[in-house]
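The values are calculated or read from the model by the stated rules, or taken from the named source; none is laboratory data. These numbers come from a predicted model, not from an experiment. Quick reminder, even Gly has a Cβ in these numbers, built from the backbone with ideal geometry, and neighbours come from all protein chains shown.
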Amino acid sequence: LNNHNHNHHFRHADSTASPPSSAVAKISHLKAVVLGGAPASEEDDVVLPSHDYSRQALVPSQQKYLEMYKASIENPAGFWSGIASSEFYWKQRWGDQVYSENLDVRRGNIKIEWFKGGITNVCYNCLDRNIGAGLADKIALYWESNEPGFDATLTYSQLLQRVCQLANYLRSVGVRKGDAVVVYLPMLMELPITMLACARIGAVHSVVFAGFSSESLAQRIVDCKPKVVITCNAVKRGPKTIFLKDIVDAALIDSDNQGISREKTKWKEGRDIWWEDVVPKYPTSCDVEWVDAEDPLFLLYTSGSTGKPKGVLHTTGGYMVYTATTFKYAFDYKDSDVYWCTADCGWITGHSYVTYGPMLNGATVLLYEGAPSYPDPGRCWDIVDKYKVTIFYTTPTLVRSLIRDGDEASYFSNLYVTRYSRKSLRVLGSAGEPINPIGGSRCPISDTWWQTETGGFMITPLPGAWPQKPGSATFPFFGVQPVIVDEKGVELDGECSGYLCVKSSWPGAFRTLYGDHERYETTYFKPFPGYYFTGDGCRRDKDGYHWLTGRVDDVINVSGRRIGTAEVESALVSHPQCAEAAVVGVEHQVKGQGIYAFVTPVEGISYSEELRKSLTLTVRTQIGAFAAPDKIHWAPALPKTRSGKIMRRILRKIAARQLDELGDTSTLTDPGVVDQLIKLADT
Ligand code: WT7
């Protein structure tokens, strides 16, 4: 990411590249891109892969991509079983059917199964299999502390030993196949170790992002009833110390206050044990629990349009094959790569592309414990140089926050960047939000579109294969059939824009919402019968490139983190002085979207700074600091229809200050409410 040069409309990643050859195959809307003519818009701003890059890439051309894509769509069973059997270890092969699915609510319950009857283990495939293939002494994990100068490494065989010790410990306290384990850890090596240890014994991990509050943690503990909770006493993030065990204690309804040292950490005898005292006493080898491909691997809670988080359930075989394959192709992975993904393991990115995808490929993974701009905004590039990172996968928010923390617009040319060489970088990845076109003059950028539910990348460039359009996630990954439908669910063709759905299943798809299959069907499969509905809007341009246009439901994307507006609303209305609240997303310079809350206090309570602070605190304690509203807008009343529905469309326009686009307000019970709101906008 080295310069913000967005002037030319037609660029080569280096100067020697030649234009791609013209169209070859046609698969529904997909076609090869033919370039030429005067660029008229963003859509026409094309970056060609460099010749040298393409030559060494796993998928070196559009033709090759189209060939593989076509094979994956025409014969999914053959395509995926070929990969599954040649690249993974199976104790026993799956049955006659590679997959079976019903994605149509009109034909009965939704069901997705891949490799059913196949017996395997994801931890075995990440560690034992790679060690057997000669990677025993390869670095599996580099760990870089928040404090510069503190670091650690584990080779694949050392990692296996650490995983086995924990797996043995978990077994010794009665954790069995199918039992849940909640993990509330920052980015320490213990986090992937725990995930892999659970996978080894068939336990189902549920990692809760360590930025969630004790109340959110408690809600998840109550839902999945774990046998064990794994945490640490405290962590430093930037200059701040966060006492994680306090939060866990509070979640387990028993809390006090204390310092960071071990002596001062509050303890409950008979319930708590110190990992460092107990786990290393266990044997360094541990038998694998062989599981069915459709046995659960993990649960991960995510936000939807109602207040209650959804426990997204992923299973073993399909997820394994899908994350490994997407990782390999989207980052054009080579054995010599050093890979750094800045995501936290508390989100899906940390599951699929910190732990499982890379480890299944035997990659060297860097974990960074701390804040990206600590002690200064050059830290990321310092880390890149220190470990000679070749693949860097991050979020647009991180890039934007570095630009802000650095010297504004000149960030990419200022010392925070230029004092580091960054020459090891080969591929850049971006996820979670639309990325503003940045840099791209040397490294290909993979703008990966996907979701917690999809398990892995769905629409993503393959570096080297396609000319890219900065800001577009480009084309579907193998086996994925994105469709764009109108409100009636009619599939649109050619250049179009509408709701993004997916036709037929892919191995990495989630199988259910934990304990609530009905909600799974209602949320994802009922809106457009026959399809999986993503919740996103999407435009397809004349060349077949996909441009994600944001959520079309009540979910907002703040710093690439998913937050349900209903969750924030229910936290706000739980405040004794809040009568009503409505939350919408609003454009935010750094976070992508910010949280904008309209709040009506109860009768007799007046607006005050104090109330604002206290409302914010309520959200922080109920959800977590990352969900705190960026703006609280006082509302004498909310605009409602005669049936009592809040008109969010109008609130969104007021929040964005697009006051001339309010549209029709005549269906409101009291159209005067809108004027009142506008008057109070900046108080
Ligand atoms: C939502 C899913 C980090 C990826 C997994 C996050 C948005 C995701 C992109 C992208 C534009 C994107 C969508 C999606 N999103 N990737 N490349 N361009 N928007 O998973 O937390 O479940 O969020 O993130 O709105 O639905 P998640």
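From the residues in the stretch 557-573 that are part of a strand (DSSP E or B) and within 9 Å of the ligand (Cβ to nearest atom), which one is farthest from residue 651 (Cα to Cα)? Working first, answer last.
We begin by selecting, within the stretch 557-573, every residue part of a strand (DSSP E or B); these are 557-558, 561-564.
Right, trim to within 9 Å of the ligand (Cβ to nearest atom) and you get 557, 561-562.
On the way: 557: 17, 561: 22, 562: 20 Å.
Of everything passing the filter in the stretch 557-573, 561 is farthest from residue 651 (Cα to Cα).
A single member of 611, 615 is buried (at least 19 other Cβ atoms within 10 Å of the Cβ) and either at pLDDT 95 or above or touching a strand residue (DSSP E or B) at 6+ places or on another chain (Cβ under 8 Å) (or both), and it is 615. Got at least one residue in the stretch 623-635 being of a type in the set (Phe, Trp, Tyr) and more than 30 Å from residue 209 (Cα to Cα)? Yes.
Annotation: of all residues in the stretch 386-403 being modelled with pLDDT of 90 or more and farther than 22 Å from residue 463 by Cα, the one that is nearest to the chain's Cα centre (by Cα) is 387. Residues in the stretch 578-589 that are buried (at least 17 other Cβ atoms within 10 Å of the Cβ) and farther than 19 Å from residue 674 by Cβ: 578, 585, 588.
Report the residue count in the stretch 609-666 for those that are of a type in the set (Ser, Thr, Tyr), within 22 Å of residue 305 (Cβ to Cβ) and not in a helix (DSSP H, G or I). Show your work before the answer.
Let us first name the residues in the stretch 609-666 that are of a type in the set (Ser, Thr, Tyr), namely 614, 616, 618, 621, 641, 643, 665-666.
Remaining after also requiring within 22 Å of residue 305 (Cβ to Cβ): 618, 641, 643.
Cutting the leftovers down to not in a helix (DSSP H, G or I) gives us 641, 643.
Final tally of qualifying residues: 2.
Going by what's in this entry, would residue 101 be described as within 29 Å of residue 311 (Cβ to Cβ), in contact with a strand residue (DSSP E or B) (Cβ under 9 Å, 6 or more places away or on another chain) and surrounded by fewer than 17 Cβ atoms within 10 Å (Cβ to Cβ)? Yes, satisfied.
Which of the residues belonging to the stretch 493-503 are in a loop (DSSP other than H, G, I, E, B) and in contact with a strand residue (DSSP E or B) (Cβ under 6 Å, 6 or more places away or on another chain)?
Kept after step one, since they are in a loop (DSSP other than H, G, I, E, B), are these residues of the stretch 493-503: 493-495.
Of everything in the stretch 493-503, nothing turns out to be in a loop (DSSP other than H, G, I, E, B) and in contact with a strand residue (DSSP E or B) (Cβ under 6 Å, 6 or more places away or on another chain).
The number of residues in the stretch 274-303 that are aliphatic (A, V, I, L, M) and either at positive phi or exposed (fewer than 15 other Cβ atoms within 10 Å of the Cβ) (or both) comes to 1. Residue pairs whose Cβ atoms lie under 9 Å apart, sitting 6 or more positions apart in sequence or on different chains, and linking a residue in the stretch 449-463 that is modelled with pLDDT under 95 to a partner that is within 8 Å of the ligand (Cβ to nearest atom) and outside any helix (DSSP H, G or I), are 461/447; 461/448; 461/473. On inspection, residue 209 qualifies as at negative phi, within 16 Å of the ligand (Cβ to nearest atom) and in a loop (DSSP other than H, G, I, E, B).
Does the stretch 430-444 include one or more residues that are within 16 Å of the ligand (Cβ to nearest atom), touching a Lys or Arg at 6+ places or on another chain (Cβ under 8 Å) and either within 25 Å of residue 67 (Cβ to Cβ) or at pLDDT 95 or above (or both)? Among the residues of the stretch 430-444, not one is within 16 Å of the ligand (Cβ to nearest atom), touching a Lys or Arg at 6+ places or on another chain (Cβ under 8 Å) and either within 25 Å of residue 67 (Cβ to Cβ) or at pLDDT 95 or above (or both), which makes the answer no. Somewhere in the stretch 181-201, is a residue over 25 Å from the mean Cα position of the chain (by Cα) and over 27 Å from residue 77 (Cα atoms)? Scanning the stretch 181-201, I find at least one residue that is over 25 Å from the mean Cα position of the chain (by Cα) and over 27 Å from residue 77 (Cα atoms), so the answer is yes.
Could you tell me whether any residue of the stretch 507-529 is in contact with a strand residue (DSSP E or B) (Cβ under 7 Å, 6 or more places away or on another chain), farther than 22 Å from residue 562 by Cα and within 16 Å of the ligand (Cβ to nearest atom)? Among the residues of the stretch 507-529, at least one is in contact with a strand residue (DSSP E or B) (Cβ under 7 Å, 6 or more places away or on another chain), farther than 22 Å from residue 562 by Cα and within 16 Å of the ligand (Cβ to nearest atom), which makes the answer yes.
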